[in-house]
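These notes are about the structure you will find just below.
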Amino acid sequence: MRGGVLKLLLPLFLLIFAAQADAQQPGGATAATVAVPGSLQDIVRKPLVLRGTLGGDKIQLSLRPKVDEDGLEGQYFVFGQGSQILLAGEVDQNDLVMEESHNGKDVSGQWEGSFKNGVLSGTWSTLDGSVTKPFSLKAGAQ
């Protein structure tokens, strides 16, 4: 029986090994090849989780397309703090503009950034612009 199992598994192992070797070859295309979207606008057509920094704080930011209207919505939180801050905004190709709200009514801050080489970065500011902080976020980053 053991020999029969090995005869069944050997072709599977060979197939996996060949696929991995082909993927490592220059120009070797397999089903594992991932197409990189052309712009942030392409990426945010589906829900997206980004991690990175806002000033000196580590944050996680979640975005998704708004239902039945143009634009984005989501929230973010600072690691180690419990509250989530709501977000709403728009993307134009690789440029992002969002407003944030602690209570869902009043705007408490603004985000302006751009997407380049897999990184969304820019400046967060208070509504009056008196305080600014840089941000840098990547999808799935730790």
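What follows draws every value from the coordinates through simple rules; no lab data is involved. Here the structure is a predicted model, which means the values were calculated and not measured. Every residue, glycine among them, receives a Cβ derived from its backbone with ideal geometry; neighbour counts consider all protein chains shown.
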Cα-based shape type of segment 40-139, given that a ≥ b ≥ c are square roots of the gyration tensor eigenvalues and the cut on a/c is 1.5: rounded
Computed label-point distance, nm, for sites D57 and D42 using a 7 Å Cα→Cβ extension: 3.3
In nm, spacing of pseudo-spin labels at V97 and S136 (7 Å Cα→C-beta vector): 2.6
Residues with amide H under 5 Å from that of S108, placed H, sequence gap 5 or more: E100, S101, H102
Proxy reagent accessibility, fewest Cβ within 10 Å first, across D106, D57: D106, D57
Lysines whose Cα lies under 26 Å from that of K46, excluding same-chain neighbours fewer than 8 positions away: K58, K66, K105, K116, K138
Gained length - E112 relative to V78, 0.36 nm times residue gap less alpha-carbon distance: 10.4 nm
